[in-house]
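*Asks:* Just passing along the structure, written as structure tokens.
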Amino acid sequence: MTTPTPAVPVPGPPALRTSIVIDYQNVHLVGHDLFGEPRGLARHETLIDPLHFANQLLHHRNANQGQGHRAARLCHVWVYRGQPSNRRDPDGYSRNQAQRAQWERDPRVHVTLRPLKYRVERDATGRPVHDVHGQEIVIEKREKGVDVLCALAAVREAARPDIELVILASHDSDLEPAVEAVLEMTDAKIETFAWRHPETFSYQLARNNRRVWNTSLDESVFETCRDRTEY
């Protein structure tokens, strides 16, 4: 009796070499507002670990793709976020630096920091008002130029010959032109991400463009992505 020859598995197409561009504060704060704040968690308790986030994003992206579509493989994670002032907020600056060092322990993760812009309280003459400790009273701090860096990174990564897929992680509508710019590039492929809440809407880039695949992640994934390191 002849022993049947075992079937040789047919290998699937190679996975797409992928770069993920993260608008960090946007991803963090939208997730916090949807999932963390209702549970009474402070913002510093809901930080996102970029590598955990990237791995979860690709895991769910690949699981939800239809048959015949290529899976994605993580090559790079590009993180863009604000940096507190060492003079105005030395504790925040130190934590920010420690977070970058922790996240960049994996060579695929690259963190770019851009100084935050501070607006201080001023008196009738326009001079800064100081508190009892002699420090200027900050009434607002915000990121400046991070969205531009994310847009440039998305286009740059899409133009690389060794990258086949770019995923832009942000809910910021100012990044719509970056998605459109990549779509106009001959060999580029771009996808988006959004946090999904059953009752609360969060803006999704390229929502009405059928050419752009979006991976939405829920609260359970948000919990998995949280950075629980004490900085």
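*Asks:* Asn55 versus Arg17, label points 7 Å from Cα toward the beta carbon: distance in nm?
*Replies:* Going by the 7 Å Cα→Cβ label model, 2.2 nm.
*Asks:* Please list the non-local residues whose amide H lies under 5 Å from the amide H of Leu217, H modeled 1.01 Å from N, same-chain partners needing a gap of 5 or more.
*Replies:* Distant-sequence amide H within range of Leu217: Ala194, Trp195, Arg196.
*Asks:* Let me ask you something else. Among 80-90, 188-198, what's the highest-first ranking by average C-beta atoms within 10 angstrom per residue?
*Replies:* 188-198, 80-90
*Asks:* What value, in deg cm²/dmol to 500, does the helix sum -39500 (n - 2.57) over DSSP H runs of n ≥ 4 give at 222 nm once divided by the residues of the chain?
*Replies:* -8500 deg cm²/dmol
*Asks:* Roughly how tilted is helix 146-159, in degrees to the nearest 10 and between 0 and 90, from the longest Cα axis of the chain?
*Replies:* Here the helix axis deviates by roughly 20 degrees.
*Asks:* Here's another thing I want to ask about it. For the chain, modelled as a GNM with alpha-carbon contacts under 10 angstrom, which of Glu199, Glu143, Glu157 fluctuates the most?
*Replies:* Glu199
*Asks:* By how many nm would the segment from Glu37 to Arg108 lengthen if fully extended, with 0.36 nm per residue of separation less the alpha-carbon distance?
*Replies:* 22.5 nm
*Asks:* Separate question: Could you give the length gained on full extension between Arg160 and Ser216, defined as 0.36 nm per residue of separation minus the Cα-Cα distance, in nm? If you can, show how the numbers build up before the last one.
*Replies:* On the way: separation 56, 0.36 × 56 = 20.16 nm, distance 2.58 nm.
Value of the extension gain: 17.6 nm.
*Asks:* Let me ask something else. Hey, got the dipole for the stretch 170-215? About the Cα centre, +1 on K and R Cβ, -1 on D and E Cβ, debye to the nearest 20? Don't jump to the answer; show the numbers that get you there.
*Replies:* Working: 5 positive and 8 negative charges, 52 e Å.
Using only the charged Cβ atoms, the result is roughly 260 debye.
*Asks:* Relative to the present Cα-Cα distance, how much length would full extension add between Arg127 and Lys144 at 0.36 nm per residue of separation?
*Replies:* Extra length from Arg127 to Lys144 when fully extended: 3.8 nm.
*Asks:* With +1 on each Lys and Arg Cβ and -1 on each Asp and Glu Cβ, and nothing else charged, work out how big the dipole of the chain is about its Cα centre, in Debye to the nearest 20. Numbers along the way, then the final one.
*Replies:* Values: 30 positive and 32 negative charges, 93 e Å.
It comes to approximately 440 debye.
*Asks:* Can I ask one more? Using +1 at the Cβ of each Lys and Arg and -1 at the Cβ of each Asp and Glu in the chain, identify which of Gln99, Thr200, Ala188 lies farthest towards the dipole's positive end.
*Replies:* It is Ala188.
*Asks:* In degrees from 0 to 90, rounded to the nearest 10, what is the angle of the helix 50-64 Cα long axis to the longest principal axis of the chain?
*Replies:* Approximately 40 degrees, to the nearest 10.
*Asks:* Setting aside same-chain residues fewer than 8 positions from Lys117, which lysines have a Cα under 18 Å from its Cα?
*Replies:* Lys141, Lys144
*Asks:* Please list 105-114, 45-54 highest first by mean number of surrounding beta-carbon atoms within 10 Å per residue. Walk me through the numbers before you get to the answer.
*Replies:* Numbers: 105-114: 15.1, 45-54: 21.9.
Highest mean packing first, the order is 45-54, 105-114.
Every read-out reported here was derived from the displayed coordinates using simple, explicitly stated rules and does not represent laboratory data. These numbers come from a predicted model, not from an experiment. Because the Cβ atoms are built from the backbone with ideal geometry, glycine has one as well, and the counts that use them run over all protein chains shown.
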